[in-house]
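A short worksheet on the structure shown next.
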Amino acid sequence: MLEKVQKKFALTKLGAENLIKACISCTISYIVIAMSIGVLYFFTCDMLKLLADKSYTFSVGVYIAEFVVVFALIYIAHYIQYNMTFLNTYTESARLRINVAEKLRKFPMSFFSKRDLSDLTTTILSDVTYMEQALSHFIPEFVGSIASTVLLSIGMFMFDFKMALVAVWCVPVSIILILLAKKKLSSVSHKDRDIQLIRTEKIQEGLETVRDLKASNYTEQYLKEVDDAIDNCEKSQIKAELTNELFVVSSQLVLRLGIATVVIFGVKYLMAGEITLEVFMLFLIVASRLYDPLNATLQNLAAIISCESRVDRLNNINDYKLQTGGDTFEPENYDIEFEDVSFSYQPGKPVLDDVSFTAKQNEITALIGNSGGGKTTCASLIARFYDLDKGRIKIGGVDIATVDPEVLLSKFSIVFQDVVLFNNTIFENIRIGKKDATDEEVKRAAELAFCDEFVKNLPEGYDTVIGENGSKLSGGQRQRISIARAILKDAPIILLDEASASLDVESETYVQKALSKLIQNKTVIMIAHRMRTVANASHLVVLENGRVAEEGTSGQLLENNGLYKHMVDLQSMSYAWKI
Ligand SMILES: Nc1ncnc2c1ncn2[C@@H]1O[C@H](COP(=O)(O)OP(=O)(O)OP(=O)(O)O)[C@@H](O)[C@H]1O
């Protein structure tokens, strides 16, 4: 039972326990409220007897005391319900958020290539918030209202079968209507959510690519597409609301019919002398209150049904397989060995096929080859961004598949061509390389990476905030900050995506100088696009369509007269090309 609830609502074990308790406390709370009807019934009976017989006596004080007790019970039941639902829910939603964030931190890159960014953002922000409301309101109230109505109905059947039938018939009919609505509402809710996602993606994409849209004069056309997405969303939401209201109003109407049948049949039975006036009064009072919880909870029907798709998405994250591995990583050295490595991003479409080579410590190993040949993929596999389909990658004799990805990454400094900087100070952007580094250590790394000459011209030096993704800096300056980070981290393995490929001559010189400081005495894997950058590499691995076409030093490969020689010749021709 506990496990089922846990899975059904994507909860932690404690969360599932608390949800069950919340449903029970809601049921008790509704029943306690119904107890006031009992006291009211006995009071009405006594009043009727008094009207019929003036000598009849009863104690008003006892009734006042009973009402006080019932109100106290209602207060206590509500207090318990509040604690069980609201307080526990907020603790649970905090746990859910931390769980999702923890999972995302540990997921391999394969997870992110399968999921859309706005979909993930929606799951973390909106789905968890939605579940927060569902767990604190909709679900306990829905379960509580059905359970209390069923329990009260059983009591009514025991009291008077015929009148109970007349009062309660509408409850199962209304529940059947809800169940019929579930399928339809569920499909409308899924479609609505997909359309909302398209709208969010469109807006997000527009904001991220505003510069390119302006440059290609596509802004007007793009805004029209955004307008269409927003219009679609509006239509879909109206449709979802109307469908929901149709079923809710029908169910509520059926429930109201219950009061009508109690009056019609009650009067008939009363006239026929089949029931007493007191029984008739009781059923009138009960019928006026019996459907209240169910009526109120029907308003949230769409919300309850829409929980399903949100829970599916949360379960998708919860069930995704994490990369595992030991916490200790003590390789003999930092040589990297590829042993018959095969890999594909999508099943049946191999990107690397039986790739074997060794990158030695204290050497620069350059990965070269045609575009799409698999250079970046090889580098990503070394850092265990993805796991292999076949073969092994070993560092100092240790299979990286046996090492926890975070422990493994602590041995890597990675300098990408697309540097990501944060909207923070230069100090903090460099300190990412080593969180506990002192200001002096950061400055030392910045000097070695030749950041000093441009930082001193910034208004607040190292304390200057550099804008979103370093928008206030040039490409070469951004590169040097990322190299400073890597120098500060001082990891034994350096992955370098030819960092200076897109820079002007002056910036390139600075970046090259900074890089030469970074790579001293390390195992360096360099993804190279320009042949002149790799001429001095100790070892060149030429990848062609996911296979190693040739390897050796630049001199050896030139003698081979293979793909490398062909690429060198092509680049020499392109340098000689003039406008
Ligand atoms: N995340 C991904 N999902 C699916 N396919 C991918 C992904 N990344 C790369 N690929 C495919 O894998 C192949 C190898 O890509 P990779 O980026 O490793 O090549 P590369 O040699 O680094 O190319 P380039 O020099 O153009 O950067 C390509 O066909 C590419 O389309």
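The values are calculated or read from the model by the stated rules, or taken from the named source; none is laboratory data. Quick caveat: nothing in here was measured; it's all calculated off a predicted structure. With ideal geometry, Cβ positions are generated from the backbone for all residues, glycine too; neighbour counts draw on all protein chains shown. Each accessible area value is taken on the protein alone, full model and side chains, heavy atoms only, with ligands, DNA and RNA left out. Shrake-Rupley method; radii C 1.70, N 1.55, O 1.52, S 1.80 Å.
Separation between the Ser59 and Gln133 pseudo-spin-labels, each 7 Å from Cα along Cα→Cβ, expressed in nm?
5.0 nm
From the residues Ser136, Tyr30, Leu563, which one has its Cα farthest along the dipole of the chain in the positive direction, the dipole being from +1 and -1 charges on Cβ of Lys/Arg and Asp/Glu about the Cα centre?
Most positive-ward Cα: Tyr30.
Around Val39, with a cut-off of 12 angstrom between Cβ atoms, what is the net charge of the other residues, counting Lys and Arg +1 and Asp and Glu -1? Write down the numbers at each step before the final one.
Details: positive: none; negative: Asp46, Glu66.
That sum, taken over residues with Cβ under 12 Å, equals -2.
Do the sum for the chain: with -39,500 (n - 2.57) for every DSSP H run of n ≥ 4, divided by all residues, what is the mean residue ellipticity at 222 nm, to the nearest 500 deg cm²/dmol?
Theoretical 222 nm ellipticity from helices: -20000 deg cm²/dmol.
Can you find, among Thr91, Ile124, Ile20, the residue sitting farthest towards the positive end of the charge dipole of the stretch 1-154, where Lys and Arg contribute +1 and Asp and Glu -1 at Cβ?
Ile124
Send over the per residue convex hull volume for the stretch 210-329, Cα only, as a whole number of Å³. The partial results should precede the final answer.
Details: hull volume 26.4 nm³, N = 120.
Spread over its residues, the Cα hull of the stretch 210-329 gives 220 Å³ apiece.
Reachable lysines from Lys21, Cα under 24 Å, same-chain residues fewer than 8 places away excluded?
Correct list for Lys21: Lys4, Lys7, Lys8, Lys13.
Out of all DSSP beta bridges with both ends in the chain, state the antiparallel percent to the nearest 5. Could you put the intermediate results ahead of the total?
Values: 20 of 39 bridges.
Around 50 percent of the beta bridges assigned by DSSP in the chain are antiparallel ones.
Return one whole number: the accessible area per residue of the stretch 420-490 in Å², for a 1.4 Å probe. Let's see the in-between values first.
Working: 3530 Å² over 71 residues.
Computed with neighbouring chains in place, this is 50 Å² per residue.
Step through the residues of the stretch 411-424 one at a time and calculate ³J(HN,Hα) from phi using the Karplus curve (6.51 cos²θ - 1.76 cosθ + 1.60, θ = phi - 60°), rounding each to whole Hz and writing x for Gly and Pro.
In residue order, the calculated couplings are 9, 10, 10, 10, 10, 8, 5, 8, 6, 10, 10, 9, 6, 8 Hz.
Each residue of the stretch 465-480 in order: what ³J(HN,Hα) in whole Hz does its phi give by Karplus 6.51 cos²θ - 1.76 cosθ + 1.60, θ = phi - 60°, with x for Gly and Pro?
Listing the rounded values in order: 7, 9, x, 4, 6, x, 4, 8, 10, 7, x, x, 5, 5, 4, 5 Hz.
At 0.36 nm per residue, minus the direct Cα-Cα distance, what do Ser474 and Ile20 gain on full extension? Give it in nm, one decimal, please. Before the final figure, lay out each step's value.
On the way: separation 454, 0.36 × 454 = 163.44 nm, distance 5.72 nm.
Once the chain is fully extended between Ser474 and Ile20, it gains 157.7 nm.
Using the heavy atoms of the protein chains and a 1.4 angstrom probe, tell me the accessible area per residue for the stretch 34-164 in square angstrom.
Working: 7070 Å² over 131 residues.
With all protein chains present, the stretch 34-164 gives 54 Å² per residue.
Compute the FRET efficiency between Gln556 and Val465 as 1/(1 + (r/R0)^6), taking r as their Cβ-Cβ distance and R0 = 56 Å, and round to the nearest 0.05. Walk me through the numbers before you get to the answer.
Working: r = 49 Å, r/R0 = 0.88.
FRET efficiency, Gln556 to Val465: 0.70.
Can you pull the percent of Cα pairs in the chain with separation above 47 Å? Intermediate values should be presented prior to the final figure.
Numbers: 66308 of 167331 pairs.
Every Cα pair in the chain considered, those over 47 Å come to 40 percent.
Report, to the nearest whole %, how much of the accessible area of the chain belongs to carbon and sulfur atoms, 1.4 Å probe, protein only. Numbers along the way, then the final one.
On the way: 18050 of 30170 Å².
Roughly 60 percent of what the probe reaches on the chain is carbon or sulfur.
Can you tell me which lysines have their Cα less than 30 Å from the Cα of Lys224? Leave out same-chain residues fewer than eight positions away.
Lys114, Lys191, Lys202, Lys214, Lys235, Lys239
Suppose every K and R has +1 on its Cβ and every D and E has -1 on its Cβ; what is the size of the dipole of the stretch 16-133 about the Cα centre, in Debye to the nearest 20?
Numbers: 10 positive and 10 negative charges, 83 e Å.
I would put it at about 400 debye.
If packing is taken as the average count of other Cβ atoms within 10 Å, what order do 42-53, 124-135, 462-473 fall into, highest mean first?
Working: 42-53: 13.8, 124-135: 18.3, 462-473: 16.0.
Listed from highest to lowest mean packing, they are 124-135, 462-473, 42-53.
Heavy-atom accessible area of Ile368 with all protein chains present, probe 1.4 Å, nearest 10 Å²?
0 Å²
Please list 3J(HN,Hα) in residue order for the stretch 223-234, calculated via the Karplus relation 6.51 cos²θ - 1.76 cosθ + 1.60 where θ = phi - 60°; whole Hz, with x for glycine and proline.
4, 5, 4, 5, 4, 4, 5, 5, 4, 4, 5, 4
Going by amide H atoms built from the backbone, whose H comes under 5 Å of the H on Tyr345, apart from near neighbours?
Here Val351 satisfy the definition.
If you line up the long axis of helix 60-82 against the longest principal axis of the chain, both from Cα atoms, how many degrees apart are they, to the nearest 10?
Compared with the principal axis, the helix lies near 10 degrees.
Is there a quick way to get the dipole size of the chain? I mean about its Cα centre, with the Cβ of Lys and Arg at +1 and of Asp and Glu at -1; what is the value in debye to the nearest 20?
Details: 60 positive and 71 negative charges, 236 e Å.
Its charge dipole is roughly 1140 debye.
If you add up the charges near Thr129, with Lys and Arg at +1 and Asp and Glu at -1, over every other residue whose beta carbon is less than 11 angstrom from its beta carbon, what do you get?
Details: positive: Arg97, Arg310; negative: Asp127, Glu132.
Once all neighbours under 11 Å are counted, the net charge is 0.
Name the residues whose placed amide hydrogens come within less than 5 Å of the amide hydrogen of Ile527, ignoring near sequence neighbours (fewer than 5 apart) on the same chain.
Leu367, Leu496, Asp497, Glu498
Using modelled backbone amide H atoms (1.01 Å from N, in-plane), which distant-in-sequence or interchain residues come within less than 5 Å of Ser356's amide H?
Those lying under 5 Å, H to H, from Ser356 are Asp340, Val341, Val548.
Net charge near Leu104: determine it from the other residues with C-beta under 12 Å of the C-beta of Leu104, scoring Lys and Arg +1 and Asp and Glu -1.
Values: positive: Arg97, Lys103, Arg105, Lys106, Arg115; negative: Glu102.
Local charge sum for Leu104: +4.
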